[in-house]
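Okay, structure first, notes after.
The values are calculated or read from the model by the stated rules, or taken from the named source; none is laboratory data. These figures come from a predicted structure and were not determined experimentally. Positions of Cβ are backbone-derived with ideal geometry, glycine not excepted, and every protein chain shown enters the neighbour counts. SASA here: full protein model, heavy atoms, side chains in, ligands and nucleic acids out. Shrake-Rupley method; radii C 1.70, N 1.55, O 1.52, S 1.80 Å.
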Amino acid sequence: MRTTINISDNVIKEAETLYETKNRSRAIENAIKDAVRFNKLKKLMLLKSKISFDEDKVKALREEEINEQF
């Protein structure tokens with residue numbers, strides 16, 4: 001999708017360096033993907049100790065899924 005945004009040249013250059021690319025679009029896309037992942041993880045971390053689950057049940061469900069594939 002094409003869009004027009006105003007971003008500082010310094011920020012663009014830093015993103016290109018960080019993501020080791022000279023492609024501005026790729027650098028910006030990677031930066032946005034990382035920002036989304038980071039914020040999702042941050043929200044999950046806030047749930048730590050607020051939800052409980054049975055680890056043995058989760059392991060059993062994973063085993064069932066694996067066995068169904070074969």
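Some observations on this one:
- Taking all protein chains as shown and a probe of 1.4 angstrom, Arg37 keeps an accessible surface of around 130 Å².
- Working ranking of peptides 29-35, 19-25 by packing, defined as the average number of other Cβ atoms within 10 Å per residue, highest first, is 29-35, 19-25.
- Å² per residue, accessible surface of the range 1-40 at 1.4 Å: 93
- Dipole magnitude of the chain, debye to nearest 20 (Cβ charges: Lys/Arg +1, Asp/Glu -1, about Cα centre): 460
- For the range 4-70, the share of accessible area belonging to carbon and sulfur comes to 54 percent (1.4 Å probe, ligands and nucleic acids excluded).
- Think of the chain as a dipole: +1 on every Lys or Arg Cβ, -1 on every Asp or Glu Cβ, centred on the Cα centre; then among Thr3, Phe38, Ala15, Thr3 lies furthest on the positive end.
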